[in-house]
Amino acid sequence: MKIIADLHIHSKYSRATSPKMEVVVLSEWAKIKGINLLATGDIFHPEYVKELKEKLIEDGSGVLKLRGTSNEAQGVKFVLSGEISCIYKHGEKTRRVHHLLFFPDFKSVDDFNKKLEERGCNIRSDGRPIVGLSSKEILKLLLEVNKEAFLIPAHAWTPWFAIFGSKSGYDSIEECFEELSSEIFAIETGLSSDPEMNWRLSALDKITLISNSDAHSPLNLGREANVFDMDEVTFAELKRILKEKDKKKFLYTIEFYPQEGKYHFDGHKDCKFFCSPEESLKLKNICPVCQKSLVLGVDHRVVALADRELGFEPKNKIPFKSIVPLCEIIAEIMQVGKQSKKVMKIYEQMLKNGGNEFNILLELSREEIVKIGNEMIAEAVIRVRSRQVKAVPGYDGEFGKITVFDQDELKKMKPRQVSLL
């Protein structure tokens, strides 16, 4: 059975997050997107934990279903998970590293949160708590609570808050977790990198690469995800597939084009300047506008640590497919914002006949997309599938832009969109 899983999101209890990010609404949007397994997010926040206990049912499998609603029959399941921010000194350097923690039951969550509070950690002010404990300390506490729980470094390459981040990270998993490094069997690649970039590091050949949305609003669910073949959806099976890097069961990841991520290239947001790693080296990593150090992006950091050329493919690689969210495709054609009423109207019309968003983006034929949309949308989806896109890279917190058509094409094709749009 094909299972699409988004294992990193946030709830309404996190800063800068939609108030709609709660499990009933999330389950409805998961169905719209085509997601079967969803992280709860923010499992450290006491109020959210209380809410989850009221709304979700445990059945011993380590995954949960909604209580007493029609959604329970729709097959959307949840795994208890959250992101934690560790800020601490290690090796005479201040480290800022984010991690995803996964729990098989509420008891383990309660025991872990109790340990955090006993150590003076504030877990009540934000869904993604900031703690002064090291990455290794967090992992040690997690394993003390439940050996079946596991930790995955989040958005591993983000400059400011990641295990390999250029500003405050490490050069290897071993440097970060020391004697507990063998407990780390997966990393999250993040929006600004894709598996192909990570394959450049031979040190990651044994590590499973996962991709998730890190969504702060329902519309962004599934912008990255993981596709499994699971006979039975359980916490233990999810962990086994990731730990063993089971290629028969882990079919592929669904990827953002990394250039669209907001830390892909080097640059300065305030100076409106960005450049490739090669250009940065020529500039000695100094911004030509303000003469200050550039924020070095994910691509730069990958190049710095890589021991292979781009294009290398490990023998045990998990494949990936790149997408552009359907709303973004429609928005480009209509030349309006992706959350505009016009875009959402077309989006909803297509979903009624197309099943769900992932079915449209990944499975339907060109002819089938034409029937539920039009020629332009069908052409765009096919181009995205074959990686025929144009990219303006993101940098220093600014999202990049992926487009399918140039302006001349849009002008020529616009009359053909009238019947749908």
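The values are calculated or read from the model by the stated rules, or taken from the named source; none is laboratory data. All values reported here derive from a predicted model rather than from experimental measurement. Counting neighbours? That spans all protein chains shown, and the Cβs are built from the backbone with ideal geometry, glycine included.
Structure summary
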quantity	calculated
Those residues of the stretch 291-303 which are hydrophobic (A, V, I, L, M, F, W, C) and either free of Cβ contacts under 8 Å to residues at least 24 places away in the same chain or in a loop (DSSP other than H, G, I, E, B) (or both), in sequence order	L294, L296
Residue check, I163 in contact with a Leu (Cβ under 9 Å, 6 or more places away or on another chain) and more than 19 Å from V49 (Cα to Cα)	no
Pair list, Cβ under 7 Å, 6 or more apart: the stretch 352-367 residue polar (S, T, N, Q), other residue modelled with pLDDT of 95 or more	N353/I372; N356/K31; N356/I32; N356/K33; N356/G34; N359/G34
Members of the stretch 264-290 that are part of a helix (DSSP H, G or I) and touching a strand residue (DSSP E or B) at 6+ places or on another chain (Cβ under 7 Å)	P277, S280
Residue under evaluation K167, criteria (1) at pLDDT below 95; (2) under 20 Å from the mean Cα position of the chain (by Cα), criterion not met	(2)
Filter result (among the hydrophobic types (A, V, I, L, M, F, W, C) and surrounded by fewer than 18 Cβ atoms within 10 Å (Cβ to Cβ)) within the stretch 274-300	L281, L283, I286, V289, C290
Condition broken by V336, with the remaining ones in (1) closer than 21 Å to I369 by Cβ; (2) touching a residue at least 12 places away in the same chain (Cβ under 8 Å) satisfied	(2)
